[in-house]
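*Asks:* There's a structure below that I have some questions on.
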Amino acid sequence: MNNRNNRFLAAPYLIWSAGFIIIPLVMVLYYAFTDFNGSFTVSNVTAIISYVNIKALMLSIAFSLAATFMCLIIAYPLCLILTTVIKNSSSFLSLIFILPMWMNSLLRTYAWQNILERKGVINGILAFLNLPLFYIINKPPAILLGMIYDFLPFMVLPVYNSVSRIDKDLLNAARDLGADPFETFLRVIWPLSLPGVISGITMVFVPSLTTFVISDILGGGKILLIGNVIEQLFTQDSDWNAGAGLSAILMVFIVISMFITAKYDREDIK
Amino acid sequence: MKTALGRIYLTLVLIFLYAPIATLMILSFNSSKSRAHWGGFTLDWYLGLFSNEEIMDAFRTTIFLAFLSALIATVLGTAACTGMQFMKRRDRSIIMGITNIPMLNADIVTGVSLMLLFLAARVSMGFTTVLFSHITFNIPYVILSVMPRYRELNRSTYEAALDLGAEPLYAFFTVVLPDLMGAILSGFLMSFTMSLDDFIITHFTQGPGFDTLSTKIYSEVKKGINPEIYALSTIMFLVVLLLLFFVNYKPWVKKPAGKIIVTTKTQVVVTSGKGGS
């Protein structure tokens, strides 16, 4: 395999990625730092400190931190259980997580309205059992639940990947050397699963930070996240410069998480 | 005891994952158009579905778009992987870095950036712009699926074929390609699924009068979704369930690890991390 000319097979993709990945991102930055007439300005980016925008951003950060934390709390025990309880767990895991994806994700998110609403499924069951009803639809907890539901697979898969690769002999060795289960977890399992956890955290944090769909569907349009603000700037107000300015702010968060992922990916290889 | 607790936990997670799906399936048989109450069993939505041109149009567009974008992405991605085998390590890792951008970037930023590109190029938005966008976010799935397989490939078989007088192209198609086929197919299926399920990027790059199922559902969320869409989704879901069941007994779809293909962003990123770049 030493015919160097064969490397030009990658040329179509390179041209494609320059045109549809790199240039578009440069365009976002260009629009972000220019005004309607094309002259330089920072006002689109500094617009983030206006009351509405900073509130939306802070709310988004709070939501995505909470969603990421909850996903980790739910996913980690799940992965530990899967590796110990289920035989052939990797195909079981892929099956239960792929299958839902074939039902449209908007529709699945929308179905939570049904489950959560005043006369919904959960309240139906609670009423039947004579328990107090609860209303979370169109309120923050519904949005949080939607995020956890939509992005849980992004946490489960990388965590599972690193947990399932832990050598069972290490656990036995820890036990033989007198570690109790808690110590084994703290000093063997957790450190070894860290790359997967970090990868899962970034994979959940970014989409929950930037979503506008979940807040639209489960928040009743009353709760504005930063994604909603950007979406409205582009589709309703057609103010592309302002929208690009806020998108540029989001890109900062994304770049940070890319660096974190890249760092841990590399350490994972070693 | 521990196992029992484990199973209870698993069951709870499963209920959480599948409750919305069960809800939608039940609603597809609900004769009341309002989703708030049960009006009795009916098959009307299933019967009405096939004569609802709007929904069937969106369905055909969605499937055609997913197929075409996945196909083009598979060809471009596989060619790119092949080309990268002949590159210096440094060039290869730069390209893999670029490939990671659409995977790690937020969908809204990808969508907005493509929208700005099309606006600046004064292209009128419609099927073509959406197709180009879908190809763009699909190629990484193909590359991240095929690259690790290339790394495991035994190069001496290809060289042996050349030594025995095979043309490079012939050697590629008879010796290399069959080994890659599983990875290529899994990249194609991932792309197909991602395209099928995408809403955000389509939302920013679609034009007026263009709808996929996702954008149609989104526009109906406020006024209430036509139950015929539940019926269609139920059918699609059951078809895939059957296919998966069927495919699981076919040896040729097996990945190297012997598991079925996982179609989410993370899995691919994890695979790429494992292989290194």
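The values are calculated or read from the model by the stated rules, or taken from the named source; none is laboratory data. Note that the coordinates shown come from a computational prediction; the quantities given were computed from them, not determined experimentally. Methodologically, a virtual Cβ is constructed for each residue, glycine included, from the backbone with ideal geometry; neighbour enumeration extends over all protein chains shown. The area values use the complete protein model at the heavy-atom level, side chains included, leaving out ligands, DNA and RNA. Shrake-Rupley method; radii C 1.70, N 1.55, O 1.52, S 1.80 Å.
*Asks:* Counting only other chains, and only Cβ atoms inside 10 Å, what mean value do you get across the residues of B:73-85?
*Replies:* 5
*Asks:* So which of A:Lys168/A:Lys263; A:Lys119/B:Lys216; A:Lys139/B:Lys33; A:Lys139/A:Lys222 end up more than 19 Å apart, counting from Cα to Cα?
*Replies:* Values: A:Lys168/A:Lys263 26 Å; A:Lys119/B:Lys216 26 Å; A:Lys139/B:Lys33 25 Å; A:Lys139/A:Lys222 9 Å.
Exceeds cut-off: A:Lys168/A:Lys263; A:Lys119/B:Lys216; A:Lys139/B:Lys33.
*Asks:* If the only charges are +1 at each Lys and Arg Cβ and -1 at each Asp and Glu Cβ, what is the size of the charge dipole of the protein assembly as shown around the Cα centre, to the nearest 20 debye?
*Replies:* 900
*Asks:* Aspartates and glutamates near B:Lys222 by alpha-carbon distance under 14 Å, same-chain residues fewer than 8 away left out - which ones?
*Replies:* B:Lys222 reaches A:Asp216.
*Asks:* Out of the trypsin sites (Lys or Arg not before Pro) in the stretch A:50-118, which ones are loop residues according to DSSP with at most 14 other C-beta atoms within 10 Å? Show your work: numbers first, answer last.
*Replies:* Details: sites: A:Lys55, A:Lys87, A:Arg108, A:Arg118; in loops: A:Lys87, A:Arg118.
When the trypsin sites (Lys or Arg not before Pro) of the stretch A:50-118 are filtered for loop state and at most 14 Cβ neighbours within 10 Å, A:Lys87, A:Arg118 remain.
*Asks:* Please list A:Ile217, A:Ile23, B:Ile98 from largest to smallest accessible area, probe radius 1.4 Å, with all protein chains kept in place. Kindly include the intermediate steps, with their values, before the conclusion.
*Replies:* Values: A:Ile217 5, A:Ile23 80, B:Ile98 35 Å².
Solvent-accessible surface, decreasing: A:Ile23, B:Ile98, A:Ile217.
*Asks:* Still on this structure, please answer the following. Name the long-range amide H neighbours of A:Thr34: under 5 Å, sequence gap of 5 or more, or other chain; modelled H, no Pro or chain starts.
*Replies:* A:Thr41
*Asks:* Around B:His203, under 12 Å between beta carbons, what's the net of Lys plus Arg minus Asp minus Glu among the other residues?
*Replies:* Residues near B:His203 contribute -4 overall.
*Asks:* Follow-up question, since we're still on this one. Considering only protein heavy atoms, what is the solvent-accessible area of A:Val52 at a probe of 1.4 Å, reported in Å² to the nearest 10?
*Replies:* Rounded to the nearest 10, the figure is 90 Å².
*Asks:* Using heavy-atom solvent-accessible surface (probe 1.4 Å) with all chains present, what is the largest-first order of B:His203, B:His37?
*Replies:* Descending accessible area places them as B:His37, B:His203.
*Asks:* Still on this structure, please answer the following. How would you order A:95-107, A:178-190 from highest to lowest mean count of nearby Cβ atoms within 10 Å?
*Replies:* A:95-107, A:178-190
*Asks:* From Cα coordinates alone, what are the radius of gyration and Dmax values for the stretch A:105-253 in angstrom?
*Replies:* Just the Cα atoms of the stretch A:105-253 yield Rg and Dmax of 21.2, 66 Å.
*Asks:* Select from chain A the helices, each a whole stretch of DSSP H, whose alpha-carbon atoms run 20 Å or more along the helix axis and whose Kyte-Doolittle mean is at least 0.0; answer none if there are none.
*Replies:* Answer set is A:51-85, A:140-164, A:190-210, A:240-269.
*Asks:* Please report the buried accessible area for the interface of A with B, total over both chains, probe 1.4 Å, in Å² to the nearest 100.
*Replies:* Details: alone 16990 and 16700 Å², together 24790 Å².
Buried surface at the A/B interface: approximately 8900 Å².
*Asks:* Cα-based Rg of the stretch B:96-156 per 2.2 N^0.38 Å, rounded to two decimals?
*Replies:* 1.44
*Asks:* Lys/Arg Cβ at +1, Asp/Glu Cβ at -1, dipole of the stretch B:52-275 taken about the Cα centre: which of B:Asn105, B:Val123, B:Tyr170 is farthest positive-ward?
*Replies:* About the Cα centre, the residue reaching furthest to the positive side is B:Asn105.
*Asks:* Same structure, new question: Tell me the relative contact order for chain A as a rounded percent, counting alpha carbon contacts under 8 Å between residues six or more apart.
*Replies:* Working: 283 pairs, mean separation 79.4, N = 270.
In percent, rounded to a whole number, it is 29.
*Asks:* Other chains' Cβ within 10 Å of B:113-123 residues: what's the mean?
*Replies:* On the way: counts 14, 7, 8, 15, 8, 2, 5, 6, 3, 0, 0.
If you average over the peptide's residues, the count of other-chain Cβ atoms is 6.
*Asks:* So, one more: Let me know the charge dipole size of chain B about its Cα centre in debye, to the nearest 20, where only the beta-carbon of Lys, Arg (+1) and Asp, Glu (-1) is charged.
*Replies:* Roughly 940 debye for chain B.
*Asks:* Of the peptides A:139-152, A:225-238, how do they stack up when ordered by the mean number of other Cβ atoms within 10 Å, highest first?
*Replies:* Packing proxy ranking, top to bottom: A:139-152, A:225-238.
*Asks:* Grab the beta carbon distance between A:Phe182 and A:Ile125, set R0 = 56 Å, and tell me the FRET efficiency rounded to 0.05. Intermediate values should be presented prior to the final figure.
*Replies:* Numbers: r = 36 Å, r/R0 = 0.64.
With a Förster radius of 56 Å, E is 0.95.
*Asks:* A follow-up question, please. Under a 1.4 angstrom probe, counting protein chains only, how are A:Leu246, B:Leu76 ranked by accessible area, largest first?
*Replies:* From most accessible down to least: B:Leu76, A:Leu246.
*Asks:* Looking at A:Asn53, A:Leu194, A:Leu82, which one has the Cα that reaches farthest to the positive end of the dipole of the stretch A:49-269 (charges on Cβ: Lys, Arg +1; Asp, Glu -1)?
*Replies:* A:Leu82
*Asks:* Using only Cα atoms, figure out Rg for chain A and give it as a multiple of 2.2 N^0.38 Å.
*Replies:* Rounded to two decimals, the normalised Rg is 1.24.
*Asks:* With Cβ to Cβ distances under 15 Å as the rule, what net charge do the other residues near B:Leu65 carry (K, R +1; D, E -1)?
*Replies:* -2
*Asks:* Each residue of the stretch B:70-75 in order: what ³J(HN,Hα) in whole Hz does its phi give by Karplus 6.51 cos²θ - 1.76 cosθ + 1.60, θ = phi - 60°, with x for Gly and Pro?
*Replies:* Per residue, the Karplus-derived 3J(HN,Hα) values read 5, 5, 5, 4, 5, 5 Hz.
*Asks:* R0 = 56 Å: FRET efficiency of B:Ser32 with A:Ile260, Cβ-based, nearest 0.05?
*Replies:* 0.70
*Asks:* Please state, to two decimals, what the Cα-based radius of gyration of the stretch B:1-42 comes to when divided by 2.2 N^0.38 Å (N = residues).
*Replies:* 1.68
*Asks:* Under a Cβ-Cβ cut-off of 13 Å, what is the net charge of the residues other than B:Lys88 that fall near it, where Lys and Arg count +1 and Asp and Glu count -1?
*Replies:* Spelling it out: positives minus negatives among the neighbours equals +4.
*Asks:* Would the stretch A:1-101 count as rounded, prolate or oblate if I go by the C-alpha gyration tensor, calling it rounded below 1.5 in a/c and otherwise prolate when a/b exceeds b/c, oblate otherwise?
*Replies:* Numbers: a/c = 4.15, a/b = 1.21, b/c = 3.42.
Here the stretch A:1-101 falls in the oblate category.
*Asks:* Another question, if that's okay. Using the Cα centre as the reference, give the magnitude of the dipole from point charges on the C-beta atoms of the stretch A:49-269 (Lys, Arg: +1; Asp, Glu: -1; all else neutral), rounded to the nearest 20 debye.
*Replies:* 420
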